Each structure stands twice: as C-alpha cells, then as structure tokens.
Amino acid sequence: MIDYSRGIRNPADFDETLSVVSANNGPYSDHIGDDGILRYSFREGDPVGGDNRKLRAALISKKPLILFQKPLPNVYVPVVPSFVVDEDVEHRFFLIASGEESWRSFTSGTADPEIDKRYVAQIVQRRVHQPVFRARVILAYSRTCAVCRLNHPELLDAAHIIADRDSGGIAHVTNGLALCKIHHAAFDNRILGISPDYIVHIDGGVLKEIDGPMLKHGIQEMEGISLTLPPKPADWPSREALAARFDQFTA
Ligand SMILES: [Zn+2]
C-alpha cells in the first residue's frame, strides 16, 4: 500500500490516490497547520498531471485515502479515513484532513469558524497524534511493559504520565510509559504509582487483599521493583512529570 520511493501510491487501475506518506518534519515540507489540517506538498514535476492528478481526482470525488504518518525511520502509522479537502495552488500543496468528522466540518462550513477550527484540531489530535505517540512510546520501550516486561505489543498501551487534557500533557515520549493493559488501568486508578526514582509502588490497601494469581503476581509482587527503562536515556520518563503524578497517587 506504500510507495517507499515516492511517498504517494497511485495504482494504475485506480482513478484516485490510494495512500500518501507524510514525514511531517518541518514547516517547509509537509506539515500540519494550526487548523489541524495536513499540508501535503505537490509532487515534483507537472502540477496538473503526474502524481498530482490523482490527488486532485480524490479532491473532486471525495473518496478517502490512507495517510501514513512516519514518526521514525521504517515506522508507518496509518490514519484512516483521510480526505483531500482543498488545494493551495499558490503554495503548492493539498490540504488533507483526517476523520469523517473533520472532513464534514471542513467542507460544510459553519456559522462560527472558530469553533469549527478547534473542533477539527481536536479530532486531528486524536486521529493523528495519538497513534504516532503510541508508536513512539511502544518502540522506545522495545515493545515491553515498563512494569512487568510483558512483551506483547497487542496488550500494551502508551500511557500518558500527565493526562493529555492537562497543559503539561505533551505528546512526547518522556511523557509516556509503555504499560500492559492491567498496569495501565492500575496506574490510572491509583492502584499503582511510580515515584520519580523509577520505583513501582502499590496501594497499601490493595497490598493487604487476598485474591487470585493476577492480584498476587500481577499487582502485589510489583511493589518496590524498578521500572524497566528504554535503552536510550533521552526516552526515559520525565522525573518532573512522574513527581506530579506520584503526588496524586500518595494523596
Ligand atoms: Zn505490565
């Protein structure tokens, strides 16, 4: 589904583009604007023909395409459905929105464009940034839970240390932890806390409970263990963010 050399996949027997790859790494190439809409540069060569022709066909037919975000080398995160919603001939790029809602709100127009803009930006945050955040965090932790080392990506989440809705909740690896589903839920429900020295703490009441093997081995035995950190120190969780979160746990 990906054309690795050109970044745009136009199958010969398709009238419209099937997929585009966006590395999204700078203001002068492809980038997401403040309105949450991706600016995808015209392909080299003929602006009317060539690869641009099938993107323009997708704009006219309103058929969806697959947008692949590329947060790291050789990592492609699909964002579907995405739509070509407009083109900026002067600056030579197509505008690509992700999600049915953002496409509808962009193309239908509303009484208050400011509300619309925030809404679209929110949708894109969820559709584009979250999967990219997830890919970055899970890969930084070598696809293992930072607490129990469970090595099954399909059972892992990228947990935010400072919640996304808080101002400090930036979508950066240092605000994330790769946690299995159980430890993510335990972290969010203050059954499990992580101190800024990367030690795991279990709620005192839960430590006294008597139950089956999940409680005993999966939760209680995690008390006092050290977090399994990413190989690269630059990816380690922020001690400041952990301290703020740990205050909530001890409270
Ligand atoms: Zn775990």
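May I ask for the net charge around Cys145, where only other residues with Cβ less than 10 Å from the Cβ of Cys145 are counted and Lys, Arg are +1 while Asp, Glu are -1?
Numbers: positive: Arg143, Arg149, Lys181; negative: Asp157.
Around Cys145, the charge tally is +2.
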Taking a label point 7 Å from the Cα of Asp197 along Cα-to-Cβ, the residues of the range 203-227 whose backbone nitrogen sits under 13 Å from it are 224-227
The lysines whose Cα lies under 20 Å from the Cα of Lys216, excluding any fewer than 8 residues away in the same chain, are Lys181, Lys208
Counting Lys and Arg as +1 and Asp and Glu as -1 over every other residue whose Cβ sits under 10 Å from the Cβ of Lys181, the net charge comes to -2
Cα-Cα pairs in the range 140-250 separated by more than 19 Å, as a whole percent of all pairs, come to 40
Listed by chain and number, the lysines with an alpha carbon less than 26 angstrom from that of Lys54, same-chain partners under 8 positions apart left out, are Lys62, Lys63, Lys70
Here the range 236-251 yields Karplus 3J(HN,Hα) values (6.51, -1.76, 1.60; θ = phi - 60°; whole Hz; Gly and Pro given as x) of 4, x, 5, 5, 4, 5, 5, 4, 5, 6, 5, 4, 5, 5, 6, 5
With label points set 7 Å from each Cα along the Cα-to-Cβ direction at Leu72 and Leu155, the distance between them in nm comes to 2.1
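Read the figures in this text as sums done on the coordinates, not as results from a lab. The model shown is predicted, which means the values in this text are computed figures rather than measured ones. Here the Cβ is made from the backbone with ideal geometry for all residues, glycine too, and neighbour counts use every protein chain on show.
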